[in-house]
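Computed from the coordinates by the stated procedures, all read-outs in this text should not be read as laboratory data. Here the structure is a predicted model, which means the values were calculated and not measured. In this analysis, Cβ positions are derived from the backbone assuming ideal geometry, glycine residues included, and neighbour counts consider all displayed protein chains.
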Amino acid sequence: MKHFDYIIAGGGCSGRSLAVRLLPYLKATHKQVLLVDNITKKANDKTWCFWEEQPDLFEPVVCKKWKHLSFSSSITDQESPIYPYEYKMIRSADFYTYTDKILAEHPHITILKGTVENLYTENELAYAIIDGQKYSSDYTFSSIPQVQTKKTERYQYLLQHFLGWIIETEKAIFDTERATLMDFNTSQKAGTSFVYVLPLNSKRALVEYTVFSEQLLTGKDYTDALKDYITQQLECKNYTIEEREYGIIPMSDHPVQSQKGRIIYLGTAGGFTKASTGYTFRFIQKHTTAIVEQLLKSGAPHVSSVFPKRFRTYDATLLHLLASGRVSGEEIFSTMFQKNKATQILKFLDNETTLTEELHIFKTLNKKEFAYALLNRTLKFFRI
Ligand SMILES: Cc1cc2nc3c(=O)[nH]c(=O)nc-3n(C[C@H](O)[C@H](O)[C@H](O)COP(=O)(O)OP(=O)(O)OC[C@H]3O[C@@H](n4cnc5c(N)ncnc54)[C@H](O)[C@@H]3O)c2cc1C
């Protein structure tokens, strides 16, 4: 049986983020890592957008940044500078190529293509069964989805599902300095629905129709919504579709186990997808940074928490309110953007505001409905 100091099970966003962040530590300690994934990742299967104040490790693969964000709905139209933040985009294909190159050059990393069939922990070690072979490690970091049985009587389960097109237009119609974070001027029949418009140049943009709901739509529903938006809101008739992106991100307050003995969960599997927005990329970066800091400090990678626990309650409350349908998502987000500075909302959604700042934001919201959702969530949560 082969032993590694660390096994990274799953070489997607979080597995590779951790592997790259670990490199200086591995060099200094001469430790060995096995990074395993069942797919050779090359295709642009995801486009990650996020905001941050300072350039981080993956700045070299950021393909576009915006200093202004806009928000539109039938209630309000807002456009704001977001300094000190920038809203950024990374194409996963660039991220995979970049990380492949860095990791392949490193003698402390072994890359394996294989299916992880089982992970378990016993006697101070973690074990992985990969294509029938047994491997051991001091610690295993896994981003392989954990199997969970839904408890609908206790938790809320929504899906964020979306179809995006990179379109090339005949005329120059996009403002390249400004990204549209949410435009609710689209049908709200299927649930909370909005469109992102992320211009790459004046004639090219990622236009993504996004829905928060329990049920997925048919392919035609997404396509019709995108076509309508492009012709009616962008007032564009002549365009070509260059690329497509379809995705589903779980939005739930169902707690996930972030570690089991010597197995530490990363990314979506570790609960780092924000339940109320689906944003994950920045939380993965914060978590993997914290793991490496902890290793440097104590030699063990256990991280107690990356952000205060109260943010999970806020997310769960918003999720319950969205799912209840008592107030539309359009109204909730419109009020938030109308009555608060965009930078404060970004800081809040990043789980980085102080309690005082949060109280300030809460004062601007529909207090009665949020209190009702919080009560509802609390009663469900403590139901035996
Ligand atoms: C289309 C799409 C767009 C998204 N856009 C954004 C965005 O703009 N901003 C944002 O913050 N978040 C976004 N997300 C959410 C989140 O950032 C991504 O899902 C992100 O990839 C999560 O990283 P991860 O490491 O948890 O999972 P993944 O990146 O999916 O990595 C998990 C890896 O495990 C591998 N694997 C699974 N099972 C096995 C097995 N049994 N054996 C071996 N390997 C296995 C998979 O092949 C995969 O490579 C998006 C999600 C999707 C689906």
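Can you tell me how region 281-349 classifies by the Cα gyration tensor, rounded, prolate or oblate, using a/c under 1.5 as the rounded cut? The shape class here is prolate. Out of every Cα-Cα pair that region 310-381 contains, those further apart than 20 angstrom amount to 25 percent.
Cα centroid separation, region 310-384 to region 142-180: 20 Å.
The Rg/Rh ratio for region 38-156, using Cα coordinates for both the radius of gyration and the Kirkwood hydrodynamic radius, is 1.10.
Per the Kirkwood formula applied to alpha carbons, the chain shows a radius of gyration over Rh ratio, Rg over Rh, of 0.97. Within the chain, antiparallel bridges make up roughly 70 percent of the DSSP beta bridges whose residues both belong there. Applying 0.36 nm per residue to the separation of residue 148 and residue 63 and subtracting their alpha-carbon distance, the gain on full extension is 27.1 nm.
Taking the chain as a Gaussian network of alpha-carbon nodes connected by springs under 10 Å, the highest mean-square fluctuation of the residues 28, 290, 316 belongs to 28.
Only DSSP H runs of four or more residues enter the estimate; each adds -39500 (n - 2.57), and after division by the residues of the chain the mean residue ellipticity at 222 nm equals -9500 deg cm²/dmol.
Using alpha carbon coordinates only, what is the Rg to Rh ratio of region 157-251, with Rh defined as the Kirkwood radius? Using only Cα positions, Rg/Rh for region 157-251 is 0.96. Each label point was placed 7 Å from the Cα along the Cα-to-Cβ direction; for residue 98 and residue 238 their separation is 3.6 nm. Taking amide H atoms as placed 1.01 Å from N in the peptide plane, the amide H of residue 184 lies under 5 Å from those of 72, 73, 195, each 5 or more residues away in sequence or on another chain.
Averaging Cα coordinates gives a centre for region 253-280 and one for region 1-15; these two points are 17 Å apart.
Counting Lys and Arg as +1 and Asp and Glu as -1 over every other residue whose Cβ lies under 15 Å from the Cβ of residue 14, the net charge comes to +4.
A Förster radius of 30 Å combined with the Cβ-Cβ distance from residue 296 to residue 43 puts the calculated FRET efficiency at roughly 0.30.
The stretch between residue 112 and residue 168 holds 16.4 nm of extra length on full extension. This uses 0.36 nm per residue minus the Cα-Cα distance. Residues whose amide H lies under 5 Å from that of residue 2, counting only those 5 or more places away or on a different chain, are 136; hydrogens are built 1.01 Å from N in the peptide plane. What the Cβ-Cβ distance of residue 379 and residue 307 gives, at R0 = 22 Å and to the nearest 0.05, is a FRET efficiency of 0.30. With both labels modelled 7 Å from their Cα along Cα-to-Cβ, the residue 2 to residue 228 distance reads 5.3 nm. Which one of 78, 47, 298 is farthest out on the positive end of the charge dipole of the chain, using unit charges on Cβ (Lys, Arg +1; Asp, Glu -1) and the Cα centre as origin? It is 298. Each of 111, 136, 159 was scored by the projection of its Cα onto the charge dipole of the chain, and the greatest displacement toward the positive side belongs to 136; charges sit on the C-beta of Lys, Arg, Asp and Glu.
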